[in-house]
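Here the structure comes first, spelled out in structure tokens, and everything after it is commentary.
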Amino acid sequence: MNARYYSFALTVAVCLLSSAVSAKPYRAMVTRTASTTRPGNLELGLRYQGFFSLEQGKSLPYHQVSPSIRWGIVDNVEANVYFEVLGIGTPGESNFQVAFGDIPLGLQWTFLEAGPLALGAYGRVTFPTGPSDQDAIQPLLSDGTWDIEGTLIAELRVTKDLRFMLNPSYLHHGTRDRGSRPDFDVPDALQLAVAGTYNINDQTLVGLEVIGRRYFAPTITPTWTNNANQVEIIPVVRRELFPGLVLEAVAGIAVTPDLSDIYNFRVLLGGTYEFDLASGPNLPTKNQVKKPTPPKKKPTKR
């Protein structure tokens, strides 16, 4: 009897854990998840970031549009590349200008999936194709320097719908070429990202992320001279409209004075579409676009 009960419990646990990766959309906004793009699949993305302040003159004059590509190489290994376009200044004003940004190229390997725990590693190299003479742009954005990131990924899949993620990172930043002015060596930083996400259903995910950075020097750019400690809270909302197409929208809130001096909040808007390269993108069918179920009518009395 005990052996049968043990076998039944083991079967149920395996089913629950194997379905943990099926909840969609499964990613957070900034914190990396241990779930990777399926082998042979391609994910196309587009994200907007805008930085704003409640006090006039403090807001970073910066907008970013970033197309992205993720593709699954083999099981648990994916590569990604981003192409960043910068809007510097206030749109509609004479000082507004558009510039091509940096190109980050990354590789993720999830090397352990044991029960509810998954571990992985992520490495990224940023090619300095952006403007390096814009002193108001903080180091994590397109500042025209060679950057290297190394991140460990830990994910706890408590249930099919509830997940917790932890990302400790080392961020190496290069040197800015400021033209006729002296070069500026951007200090390295340690970053810790913590996130919890919950799938309300297979199509809707909500969550909360906390991102903290500590630079090795208080002067992080020639403009921002006392901004080494940065903490940001990011609420997460993601919605899958039909299989593969996910939309996202949040506003990150600066917590520490070192970060709120640069901006009070940033807006993140975007979407991704994942599809099988062999079959190509598919338009949604009537069966894939779920309509709300009408309420049941109460039986009439005769």
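The values are calculated or read from the model by the stated rules, or taken from the named source; none is laboratory data. In this text, all values refer to a predicted model and were calculated from it rather than measured experimentally. FYI the Cβ positions are ideal-geometry reconstructions off the backbone, even for glycines, and counts take in every protein chain you see. Remember, those area values only see protein heavy atoms, side chains included, never the ligands or the DNA or RNA. Shrake-Rupley method; radii C 1.70, N 1.55, O 1.52, S 1.80 Å.
How many residues are within 24 Å of residue 150 (Cα to Cα) and in a loop (DSSP other than H, G, I, E, B) if we restrict to the stretch 22-48?
13
Of these, 234, 220, 200, which one is surrounded by 15 or more Cβ atoms within 10 Å (Cβ to Cβ) and closer than 30 Å to residue 23 by Cα?
234 is the lone residue from the list that is surrounded by 15 or more Cβ atoms within 10 Å (Cβ to Cβ) and closer than 30 Å to residue 23 by Cα.
Of all residues in the stretch 161-212, count the ones that are in a loop (DSSP other than H, G, I, E, B), under 22 Å from residue 249 (Cβ atoms) and touching a Ser or Thr at 6+ places or on another chain (Cβ under 8 Å).
Counting residues in the stretch 161-212 that are in a loop (DSSP other than H, G, I, E, B), under 22 Å from residue 249 (Cβ atoms) and touching a Ser or Thr at 6+ places or on another chain (Cβ under 8 Å) gives 1.
Among the residues of the stretch 1-32, what is the count of those that are at pLDDT 80 or above and open to solvent by 40 Å² or more (accessible area, probe 1.4 Å)?
1
Considering only residues that are hydrophobic (A, V, I, L, M, F, W, C) and assigned to a loop (DSSP other than H, G, I, E, B), look in the stretch 252-284 and name the one that is most open to solvent (accessible area, probe 1.4 Å).
Only one residue tops the list, namely 283.
Considering each of 161, 147, 188 in turn, give the residue that is farther than 24 Å from residue 256 by Cβ and not basic (Lys, Arg).
161
This table checks each residue for (1) surrounded by 15 or more Cβ atoms within 10 Å (Cβ to Cβ); (2) on the phi > 0 side of the Ramachandran plot; (3) acidic (Asp, Glu).
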{"residue": "208", "(1), (2), (3)": "yes, no, no"}
{"residue": "216", "(1), (2), (3)": "no, no, no"}
{"residue": "228", "(1), (2), (3)": "yes, no, no"}
{"residue": "244", "(1), (2), (3)": "yes, yes, no"}
{"residue": "250", "(1), (2), (3)": "yes, no, no"}
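Filter the stretch 164-177 down to residues that are within 11 Å of residue 145 (Cα to Cα) and of a type outside the set (S, T, N, Q) and give me whichever is farthest from the chain's Cα centre (by Cα).
Among those residues, the one meeting the criterion is 177.
Restricting to the stretch 162-183, what's the tally of residues that are in contact (Cβ under 8 Å) with a residue 40 or more places away in the chain, open to solvent by 50 Å² or more (accessible area, probe 1.4 Å) and of a type in the set (Gly, Ala, Ser)?
So the answer is 1.
Answer yes or no: is there a residue in the stretch 146-157 that is free of Cβ contacts under 8 Å to residues at least 40 places away in the same chain, of a type in the set (A, V, I, L, M), out of contact with any helix residue (DSSP H, G or I) (no Cβ under 8 Å at 6 or more places or on another chain) and open to solvent by 10 Å² or more (accessible area, probe 1.4 Å).
yes
Residues are listed down the side, and each one gets a yes or a no for (1) open to solvent by less than 60 Å² (accessible area, probe 1.4 Å); (2) at positive phi; (3) not β-branched (Val, Ile, Thr):
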position	(1), (2), (3)
34	yes, no, yes
52	no, no, yes
55	no, no, yes
73	no, no, no
81	yes, no, no
100	no, no, yes
110	yes, no, no
